[in-house]
Amino acid sequence: MNALFESDAVGATHDSDHRALRGAYRAAEWRIMPILFALWMLAWVDRANVAFAKLQMLSDLRFSETVYGFGAGLFFLGYVLFGVPSSMVQQRIGARRTLAAIALGWGMTSVAMMFVKSVGMFYVLRFLLGAFEAGFYPGVILYMNAWFPAKRRTRNFSIFHSAAICSTVAVGLSGGVVLQHMSGLGGVAGWRWMFLIQAVPTVVMGVLALAVLPDGPGAARWLTAQQRRLVQHDLDADGERTAAPAVHASSWFANPVIWVLSAIYFCILAANAALSFFMPTILHEAGFGGYTEIGNAIAVICVLGALGNIAISTLASRYRDVRWHCAVASLISVASLLVLVFVWHSSRSATFVTLVLALAGTGAGISLFWQIPVRFLRGKAAALGVPLISSIANVAGFLTPSLTGYVRDMSGTYTSGFVTAAVVQALAAVILIVGIPLLVRKQPASAAMTEEKPA
């Protein structure tokens, strides 16, 4: 009889702990995810709004397509060079102060974009914007790894990453209105007003992040002591289930994990950069009229693309096949880009649909890709390996707009640039399907990584 009572007591305790743990994760998601989502959305607003400003800025400043493409791409050189150093700073001073400082830095740089008058100033500010933003994305990956187990992390990260697509909604809606109705206000060009208006929220969110974000579960005062203990225990257990043998920091450049993962991400980002920096121009050439109409079209395209991203990522989480869903998402984007080059001068509706599918594919590809490195890299290797992968791969962000702008000046069309981006992204699917299993054989990853069907 005593044993029966003890069993009931254990069961009740287990149920209580389970409810407390679920409550802790829900509280974390409601307090952390909105801030991270908003910051990532604003990061993309401030890096990609130059694509909308391009509709006025190039003629005002007499910049060529080559100058624009090179300047747009310079963002990624700063991003590449400062990604690892920024993450090392985060290890020293904590996530809260690092992420807040990064946001404030890129916010003030974005404000300064309204004062651009020369090619040199355009280049310098784009480089600085990338340098400030460099540590944010890998920092968030590591931050979410410290807060959520694998299953919750996959879903939350897909929601977080959808902010990158939703950012274009903000750029489209606000940019269209500003360029349409504020051009010449106070003697200031509309594209200059746009940079200012879209940068101010970043500064505000940077201050809010400093005040609200905890460095980790142990510093979250809105969790009870029991919840903090349960979360840490759950994360430790999840790490044991899903972690592969650690790749040591000393062997970064000699280890194929870094290079294979960097190659996959490079290929996905090539297509993403083409869409990010040339979508307003594509819509303009497809026959969409004024700035407001282009902005509204971008907003709707990006909402639908974000929903597609979440749907694909949710399926990947449900069926536990991150690798295959990432490959399929990439192929969806490839097919859409190839169709796009044939339709954007002849059909507005076909252009609209292909852009939606391309954004959904690249968005889901990026979201799902970042569930792979944390299953190969642990501890210090993850803290420095993740930003290293991000830095190497983001060279694609420099090359794609630079080459696309140059090709446009030489040939009068973007076709070659977009076909090249599609071919490069197709390589991502090939490496995911063929290369990852080879890595697993050499360095066995977790069951969550290798398992293609639900248990």
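A short reminder: the numbers here are calculations on the coordinates, not readings from a lab. Keep in mind it's a predicted model, so treat the numbers as computed, not measured. Counting neighbours? That spans all protein chains shown, and the Cβs are built from the backbone with ideal geometry, glycine included.
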### Message
Between ASP15 and MET88, what is the label-point separation in nm under the 7 Å Cα-to-beta-carbon projection?
### Response
5.3 nm
#### Entry: Exposure proxy ranking, count of Cβ atoms within 10 Å, fewest first, for TYR406, TYR143, TYR319, TYR79
TYR319, TYR406, TYR143, TYR79
## Note on the structure
Cβ density ranking, 10 Å radius, fewest first, applied to TRP259, TRP106, TRP193, TRP222 yields TRP222, TRP259, TRP193, TRP106
### Query
For Kirkwood radius over Cα pairs in Å, the choices are [x] 25.6; [y] 24.7; [z] 22.5; which was calculated from the structure?
[z]
### Message
Using only DSSP helix segments of four residues or longer, with each worth -39500 (n - 2.57), what per-residue ellipticity at 222 nm results for the chain after dividing by its residue count and rounding to 500?
### Response
-28000 deg cm²/dmol
#### Entry: Phi-based couplings in Hz for the stretch 70-83 (Karplus 6.51, -1.76, 1.60; Gly and Pro marked x)
5, x, 4, x, 4, 3, 6, 5, x, 4, 5, 6, 10, x
### Task
Provide TRP191, TRP30 in ascending order of the number of other Cβ atoms located within 10 Å of each residue's Cβ, fewest first.
TRP30, TRP191
#### Entry: Extended-chain gain in nm, criterion 0.36 nm per residue less alpha-carbon gap, ALA335 and SER349
3.4 nm
### Message
I'd like the distance separating the alpha-carbon centroids of the stretch 116-137 and the stretch 17-63, in whole Å.
### Response
18 Å
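Trypsin sites (Lys or Arg not before Pro) within the stretch 64-128: which are DSSP loop residues with at most 16 other Cβ atoms inside 10 Å?
Qualifying residues, ordered by number: LYS117.
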### Message
Among LEU21, PRO34, ILE102, whose Cα projects farthest towards the positive end of the dipole of the stretch 12-108, with charges put on the beta-carbon of Lys, Arg (+1) and Asp, Glu (-1)?
### Response
LEU21
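Based on the Cβ-Cβ distance from LYS151 to SER416, what FRET efficiency comes out when R0 is 56 Å, to the nearest 0.05?
Efficiency computed from Cβ-Cβ geometry: 0.85.
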